[in-house]
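Worksheet: one structure, shown below.
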Amino acid sequence: MKLQQLRYIWEVAHHELNVSATAQSLYTSQPGISKQIRLLEDELGVEIFSRSGKHLTRITPAGEAILRTSGEILRKVESIKQVAQEFSNEKKGSLSIATTHTQARYALPEVIRKFIEKYPDVSLHMHQGTPMQISEMAADGSVDLAIATEALELFSDLIMLPCYRWNRCILVQKDHPLTQLSQLTLEDIAKHPIVTYVFGFTGRSKLDEAFMERGLAPRVVFTATDADVIKTYVRMGLGIGIVAKMAYNAATDADLVALDAGHLFKASITKMGFRRGTFLRGFMYEFIEEFAPHLNKDVVSEAFNRSSKVEIDELFSTIELPEY
């Protein structure tokens, strides 16, 4: 059994069983990958992939178990490389982050600018996706850090650190009737068509909970994953927008009015997650602290030592999270 063979089956499984695409991503040949997979299966005495002719059709039950262990081995190998790099050159390496559009567009730019200035030899990679995709990337070791508001808690292998609280605002055109009200209510909002985030994105669950608790059925006429897209359709008059407060910029969005909605919805908490057992290099600790100043190296290290989510939550129970 060779480490290269484990890498091949792992990559094939994560390229939708497309050996050709896998070969392209690894800069090798398709026949070479197929041969090594067959050699591994012959050595183990089981099929990892089912086939129809020359095409792989599914992962076998044995293959699922083998892939889980292979992923662990490959992550351990990566950790060994990270340890070696930390001692050979602490300011050189790579950092991969998975996050949503909202974080990438509004919360991260200044953090990334400062990080790149300080660590020009660190290759920084950002992956955007749905909260579920982001969580999966962190859980399977495809990225070092995941930053999201939803879905991270679904993965027990992730250590989740609360970063900041945030709430929402209502975006309307300047002549909209809601601008005449001294304080908004959920009933006021429910009278108008709504443009907001897709379910599962950017704290959408908290929005739905608020209306449900009041027995209201809001008319959500359009959803998107991107606050800038939502603003576009508010400008078109499609409806009122409900977005993260951080997504409104008084200068660039001067044609719209942002009405405070912090009293209407429970605050959401953006969290950073990474796989338990991940080796965090010095510059990774600095990135985390730059994004969330209360998450210094001592606090993050202590979170590593906690064995359960309950214990990690206890660690942060006395820390006042910043508001964004």
Of everything in segment 136-145 that's at pLDDT 85 or above and open to solvent by less than 20 Å² (accessible area, probe 1.4 Å), which residue is farthest from Met284 (Cα to Cα)? Ala138
Evaluate segment 301-323: report whether one residue or more is among the charged types (D, E, K, R), surrounded by fewer than 13 Cβ atoms within 10 Å (Cβ to Cβ) and under 26 Å from Gln128 (Cα atoms). yes
Just give me the residues in segment 76-125 being part of a helix (DSSP H, G or I), in contact (Cβ under 8 Å) with a residue 12 or more places away in the chain and of a type in the set (A, V, I, L, M), in sequence order. Val77, Val83, Ala104, Ala107, Val111, Ile112
Condition set assigned to a helix (DSSP H, G or I), touching a Leu at 6+ places or on another chain (Cβ under 9 Å) and of a type outside the set (Val, Ile, Thr), scope segment 267-291, selection nearest to Ile73 (Cα to Cα): answer is Met284
Of those in segment 235-286 that are within 20 Å of Pro162 (Cα to Cα) and of a type in the set (Phe, Trp, Tyr), the residue most open to solvent (accessible area, probe 1.4 Å) is Phe279
Yes or no: segment 202-211 includes at least one residue that is open to solvent by less than 30 Å² (accessible area, probe 1.4 Å) and in contact (Cβ under 8 Å) with a residue 60 or more places away in the chain. yes
Hits in segment 22-49 (condition: of a type in the set (Gly, Ala, Ser) and open to solvent by less than 30 Å² (accessible area, probe 1.4 Å)): Ala23, Gly32
Scanning segment 50-75 for residues that are touching a residue at least 40 places away in the same chain (Cβ under 8 Å) and not aliphatic (A, V, I, L, M), which turns out most open to solvent (accessible area, probe 1.4 Å)? Arg58
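The values are calculated or read from the model by the stated rules, or taken from the named source; none is laboratory data. Here the structure is a predicted model, which is why all the values come from computation and not from measurement. In this analysis, Cβ positions are derived from the backbone assuming ideal geometry, glycine residues included, and neighbour counts consider all displayed protein chains. Heavy atoms of the whole protein, side chains included, go into the accessibility calculation; ligands, DNA and RNA do not. Shrake-Rupley method; radii C 1.70, N 1.55, O 1.52, S 1.80 Å.
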